[in-house]
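Reviewing the structure listed below.
The values are calculated or read from the model by the stated rules, or taken from the named source; none is laboratory data. Remember, predicted model here, so these are calculated numbers, not experimental data. Note: ideal-geometry Cβ built from the backbone for every residue, glycine included; neighbour counts use all protein chains shown. These accessible areas exclude ligands, DNA and RNA; they are computed on the full protein's heavy atoms, side chains included. Shrake-Rupley method; radii C 1.70, N 1.55, O 1.52, S 1.80 Å.
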Amino acid sequence: MTHHSEDFHLLVRQVEDALVAQPDHPGLLAALAGLRLQQSQLDVALPLLERAAALAPDDARILSDYGAVLCDANRASEAEAVLQKVMAAGEFNDNVVFNLARSFHLQHKIDAGLSALAMITVPADDVFKLRGDLFKEKGDWREAATAYLMALQLNPDNAAYLNDLGVLLELNGSAAEQLALWESLISRDTIHPIAYFFLGNALAAHNRLQEALCAYEEATRRVPTMAEALNNQALVLGKLGRENEAFQLLQRASEANPALVAAKNNLGSILARNNALNDAETVLAKAVALEPDNLDVRVNYGALLMRQRRFDEAEAQFRYVLGRDPGNASAELNMGLLKLNVGDWASGWPYYESRWKMPQLADKRPQLATPLWSGEPLDGKTVFVFSEQGFGDNIQFVRYLDELHRRYPSAKLVFYTLHSLTRLFQKVYVADWCQILAWGEPIPEHDVHIPLLSVPWRVGTDVGSIPDHVPYLSADPELAAVWEKALGQCPGLKVGLVWSSSETFIYRSAKTVALETLRPMFDVDGIAWVNLQFGKEAQQITDAGLSGRFFDPMPQVKDFADTAAIIAALDLVITVDTAVAHLAGALARPVWMLDRFDTDWRWLPPREDSPWYPTMAVFRQTEFGEWGPVMERVLRALKDRLACCPRTAGQP
């Protein structure tokens, strides 16, 4: 019942005045309680009805209202007793039965609640809503969905019913069932905009991203402040490579609902990917404060702290997650990376195995029937080792084929490698104990298998026992002779250069140096610069007007065998953290690596050398994102080496 404000307050005063004259009148007490409920004053209404019920213990209407309010106050067992009394007197109606069912639901008496609802003669939408809640708690999600749909038929604009149905289906139904339902529901003229949100979710689950984007756009067009839809729309935009738009939507989502942790988590992730670490920390710290038990947020926050080299704080986040969810793949993997970063490899290797729980890596793993090698003797066995992750990882860890052969001379090894590395490795591993196969070739019979980056764990590698003999790779002599001759025409110190990381690396921009930042090096006399940059970034040489300073062999490069032959003819390689750094080190060529502040675990800061590559020197950022001081040190080292030995400079 709705009242004009003045009329309503006048009515309250009239009832209160009447109660002064008749303080024990149950009808007046119940009437005042009803008015207080309209003002959302449950704590005031409840004692009024309690007193009214005591004064009129046989008044079915008062008892019915009292039972309903007891349900509202979550005093379910008392509500049941009061309402059962009304039922026993035979003076009940659908409202009494509904509230009795509510009391059963609050006490988790599911079957009793369903039986009570079955007695209702004219079920309204809230009856079907309660029926859905009861079946959901019972574990019968299909009956629950049917009940929610009945509620929606009676009240199609109810956002809460749509939300309950949507969450239920996303937790239980198949993607096809969800999609069919939401496509049918949005055909209704009066459907609430939240239906478009769930349609977007269903389409996204089918990887129909453009259609999902349209659905989210319709939801947010109708309700511009629907934060959950803005958040999910941003996720789709991110998958479509439209990260700037995603960022803007996540800001809108956070403004629309500052308590929406998912939006803050996703916003923090974008900020971190774009190297705005301080801003990302602020956002993620707020997300953790809002929802301390959101484990995904804590993992993201810990990963950010790790990039800031705040390892103790990061470890606390990962341990919190693992304490509540033992075996959490993301937390375990990040814990492994953290332990490897700080040099605790004995603890780090086992955690690092959790990388195989991550879908993006697990989906690429060969399906093998043989057992995984766990470190037992391999004498007389055939071992299938398969590549994983990037080119640099495989170049770095292929040395473990030699280590396995040293330990188990009678074992035969089969290495399944990436196509661009096959020719390089096949020229080196020509012995009868090792066979190099390109990924996709038929897998031969073998006894055990192991991923390449798991071998260091199984042989007990720590910082002091790295197999550091170089070179363990070599260039094809014929190819090397070709490039030795071609580069012989370049006067001065021959220096190869790579300034940009792979586009597939998540923090690519963090370990990429702008070519313009390197320009002072190109003004140094006595150096012949050789481009080793692969891909579209090589065009930056021309764009920067530096073509005259570079010899560019890359148009003739087909794979890493060609790159190795070029490097063999160089005096020095200067590169960011890429596969070329690993290749130069594996060839035992002088290599200076320009390293980011949030470096990879294998480079072991604050070391400026590498236990993996004796010919490597590391020039690392001392502050995140600051390449200027790095370049000043490199420039000084270059000039010093030119002054010392202009043709053979390599080590600073």
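Is there any pair with a first residue in region 90-101 that is closer than 18 Å to Phe128 by Cβ and open to solvent by less than 40 Å² (accessible area, probe 1.4 Å) and a second that is acidic (Asp, Glu) and at pLDDT 90 or above whose Cβ atoms are under 9 Å apart and which are 6 or more apart or on different chains, and what are they?
Within 9 Å, the pairs are Phe98/Asp126.
For every residue, the table says whether it meets (1) closer than 25 Å to Met554 by Cβ; (2) in contact with a Lys or Arg (Cβ under 7 Å, 6 or more places away or on another chain); (3) surrounded by 18 or more Cβ atoms within 10 Å (Cβ to Cβ); (4) modelled with pLDDT under 95.
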| position | (1), (2), (3), (4) |
| --- | --- |
| Ala565 | yes, no, yes, no |
| Ile574 | yes, no, yes, no |
| Leu594 | yes, no, yes, no |
| Asp609 | no, no, no, no |
| Glu623 | no, no, no, yes |
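Suppose we keep only residues that are assigned to a helix (DSSP H, G or I) and either charged (D, E, K, R) or free of Cβ contacts under 8 Å to residues at least 24 places away in the same chain (or both) within region 116-133. Which one would you say is farthest from Phe92 (Cα to Cα)?
Asp133
Looking only at region 307-350, filter to residues that are among the aromatic types (Phe, Trp, Tyr) and within 18 Å of the chain's Cα centre (by Cα); which one of those is least open to solvent (accessible area, probe 1.4 Å)? Give the derivation first.
Within region 307-350, the subset among the aromatic types (Phe, Trp, Tyr) is 311, 318, 320, 345, 349.
With the extra rule that they be within 18 Å of the chain's Cα centre (by Cα), the set shrinks to 318, 320.
On the way: Phe318: 0, Tyr320: 50 Å².
Filtering region 307-350 for residues that are among the aromatic types (Phe, Trp, Tyr) and within 18 Å of the chain's Cα centre (by Cα), the one least open to solvent (accessible area, probe 1.4 Å) comes out as Phe318.
Determine which member of the set Leu424, Leu361, Leu404, Leu437 is at pLDDT below 95 and not in a loop (DSSP other than H, G, I, E, B).
Matching residue, one of Leu424, Leu361, Leu404, Leu437: Leu361.
How do the helices (runs of 4 or more DSSP H) wholly within region 134-186 filter down when requiring 3 or more residues that are under 26 Å from Leu117 (Cα atoms) and open to solvent by 60 Å² or more (accessible area, probe 1.4 Å): which remain?
Counting at least 3 such residues, we get 141-154, 159-172.
Quick one: what pairs do we get from region 436-462, first residue farther than 18 Å from Leu372 by Cα and of a type in the set (Val, Ile, Thr), second in a loop (DSSP other than H, G, I, E, B) and open to solvent by 10 Å² or more (accessible area, probe 1.4 Å), C-beta under 9 Å, 6+ apart or different chains?
If the second residue must be in a loop (DSSP other than H, G, I, E, B) and open to solvent by 10 Å² or more (accessible area, probe 1.4 Å), the pairs left are Ile436/Tyr429; Ile436/Val430; Thr461/Pro467.
Can you pull out every residue in region 17-55 that is open to solvent by 60 Å² or more (accessible area, probe 1.4 Å) and either over 19 Å from Tyr66 (Cα atoms) or touching a Phe, Trp or Tyr at 6+ places or on another chain (Cβ under 8 Å) (or both)?
Selection gives Asp17, Val20, Ala21, Gln22, Gln38, Glu50.
Looking at (1) of a type outside the set (D, E, K, R); (2) touching a strand residue (DSSP E or B) at 6+ places or on another chain (Cβ under 8 Å); (3) over 27 Å from Val580 (Cα atoms); (4) in a helix (DSSP H, G or I), which is the one condition that is false for Thr370?
The number of the failed condition is (4).
Being in contact with an Asp or Glu (Cβ under 6 Å, 6 or more places away or on another chain) and without any contact (Cβ under 8 Å) to a residue 60 or more places away in the chain narrows it down to one residue among Ser420, Ser465, Ser410; which is it?
None of the others qualify; the one that does is Ser410.
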